[in-house]
Every structure is written in C-alpha cells, then in structure tokens.
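One structure is given below, encoded as structure tokens.
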Amino acid sequence: MIGQGATGGESGGNFSRAQWYERMHDWEARLAREVPVLLEVVGPPAGNGILDAGCGTGRHACALAARGYRVVAADLSDEMLDVGRRVAEVEGVNVRFVCAPFQALPTAVGGGFDAVYCIGNALVAAGDGAAVQEALRRLCECLKPGGRLFIQTLNFPLLRVDDPCVRGPKVRRIDGVEYISLKHYHFASDSVLIVHSTLFNDSQWRCWTHCGTVYPVTLDELSAWCVRLGLHVDEVWGSYGREPFDPSRSGELLLVGTKQDAPASQGGPCLPTCRRLRISDCPL
C-alpha cells in the first residue's frame, strides 16, 4: 500500500487499519494462489534479490524469503511495516523492511534487483495517471537489465460497466465472529473511489469502513508506459490462473515484463503476439 492516493476513515472495532487488513484476508488461501505465480515470474533465487513494492504487511515477501530469496519489502505505511516485521520474526525469515514512497525507492533501496513486483492495486494508488506513470518509472529504475517486473491490478474498464459497482459479499468467521464485507467502486472520469465496508456483531452490530482513491489504469496505458521505459511485455494474464487477459471477462490485469538493455523504439507496445489485446475492445 505504498501509494499516496488513498485516504480513508474507519469506524467499529478496536483494530488498526493494518490489523483489519490482516484479519480480512485468508492468507493461507491467498498465498497458495499467488506465490506460485511469483515464483514462476522471478525465477530461482539469484544474488541481487527481489523488491516487493507496496508490500503491505509483508506476507508475500516473507513467503519468498522462506524459499531462499533475498527480499526487500517497501511500503509507505509504518503501521503495515511493523506488522510485517512481526510476521517475519514469527516465521523466522529475514526480510529488509523499508518505509518509502514510490518516488524514493531507487534512493531508499538501491537498484539492480533481479525482480520487482507490485501487486494488490498498490501501483494505481500512487495518485493520478502521471503519478502512476512516475511510480512505474521508479520501479523500472530498481531493476537490473534482464530483470523481471510483475504488476497486478484490477480490470477497471470491466468494473466501470457496472458503475456504481459493488463486489461481494465476502464472509469470514474469526474467533466466533462473522464478518461480512462489501466493496463499492465509484468511478469519476480519471479516478475510482473504493469504499470497503465490513459489518460484524461481537455483542452488537458494528461497521468498519475504509475508502481510498486509485487511478483506473488500462492495459493500453500500462503496456505503452512499460515499453517507453525500456521493458518488453512478456505476458498479460487475466488472473493468477495465468489465462490470457480477456478485456470483457477478466477480473484482474497481470502484466509481466523484462527490462531491456536500452529503451524500446516508439513504434508501439511490444506485446507478445498471442496477447495483442486492447482494453478499448471492452464495451463501456
């Protein structure tokens, strides 16, 4: 959650935002779904290590560290990082946690990483389109030539079709308490307000809410920015199942790129032949 575009408030419960983030995710299921894809993208452990940009509470970073990777995990939230440090201590792994915004990453963590990943909509929380493009540039600066970049965000044009869009409910039972969560997506011309609401009853009905604004990046934008920054776009998937991205069906947008020795020409996005898909094909 390294982006600076998110603002929000909360009500209900005695948990901090980071604690709520931990409680509302089924980490065993999520890591089982996502870590194998990260392992495929980054390849075997190498000497220059991996950067988790927008690491949140560091669950993915700790999972990779447990598999022998040298991992640096960066986030803008000290609160999230404190949880991550406790997770690393409990799991007995070594992760370097750094508090820094995207624009400071090359200075704060250095460069030459074997791989950089930015998942969970962290990139699009950087601000407006210009801020997201600048954040992507900083991620690329942290990569060595030949290094891999992995970005995961939502397929926003598909969500926009249902505007106002509601996703859920997601139900979790923790310590005998049932939590019922909904996410509301409210689109403006160049931003999306995401409101996350959770109802629960731990002696009386209460509600926890948090909201944040993100930039609804499209595949066309993201791939073009990557090429201008010297990346070859290797894969575009529609979920962690690694099926080809379908703008009219895919709930997520996952992009894998490799940093080239020199920036590509301006002749257009260098997408893999079987992945030449345009978000504009999605009916709005």
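A few points about this structure:
- Segment 200-219, subset in contact with a Lys or Arg (Cβ under 9 Å, 6 or more places away or on another chain) and either among the polar types (S, T, N, Q) or at pLDDT 95 or above (or both), residue farthest from Ala131 (Cα to Cα): Leu219
- Considered as a group, the residues in segment 175-221 that are of a type in the set (Ser, Thr, Tyr) and within 18 Å of Thr153 (Cβ to Cβ) include one that is nearest to the chain's Cα centre (by Cα), and that residue is Tyr215.
- Set Arg160, Arg148, Arg206: member being charged (D, E, K, R), outside any helix (DSSP H, G or I) and within 30 Å of Asp234 (Cα to Cα): Arg148
- Contact map, segment 171-184: residues that are over 8 Å from Leu199 (Cβ atoms) and free of Cβ contacts under 8 Å to residues at least 60 places away in the same chain paired with residues that are polar (S, T, N, Q) and assigned to a strand (DSSP E or B), Cβ distance under 9 Å, separation 6+ or inter-chain. Pairs shown: Val171/Ser181; Val177/Asn201; Glu178/Asn201; Leu182/Ser197; Leu182/Thr198; Lys183/Ser197; His184/Ser197.
- Candidate set from segment 208-244 (those that are surrounded by 17 or more Cβ atoms within 10 Å (Cβ to Cβ) and β-branched (Val, Ile, Thr)); member that is nearest to Asp114 (Cα to Cα): Val233
- Qualifying positions in segment 245-257 - more than 18 Å from the chain's Cα centre (by Cα) and buried (at least 20 other Cβ atoms within 10 Å of the Cβ): Pro247
- So Gly168, is it out of contact with any Cys (no Cβ under 8 Å at 6 or more places or on another chain), without any contact (Cβ under 8 Å) to a residue 40 or more places away in the chain and assigned to a strand (DSSP E or B): yes
- Flag for Glu178 being part of a helix (DSSP H, G or I) and acidic (Asp, Glu): no
- Residue ID - farthest from Leu39 (Cα to Cα), chosen from residues in segment 237-261 that are hydroxyl-bearing (Ser, Thr, Tyr) and in a loop (DSSP other than H, G, I, E, B): Ser248
- Cβ separations smaller than 9 Å between residues 6+ apart or across chains give the following pairs from segment 28-39 residues that are closer than 11 Å to Gly241 by Cβ to residues that are surrounded by fewer than 13 Cβ atoms within 10 Å (Cβ to Cβ): Arg33/Gly241; Val37/Gly241.
- Screening segment 48-135 for strands (runs of 3 or more DSSP E) wholly inside it with 3 or more residues that are crowded, with 24+ Cβ neighbours inside 10 Å returns the ranges 50-53, 71-75, 113-118.
The values are calculated or read from the model by the stated rules, or taken from the named source; none is laboratory data. Because the structure is a prediction, the values reported are computed rather than measured. Here Cβ is always computed from backbone atoms with ideal geometry, including for glycine, and neighbour counts include all displayed protein chains.
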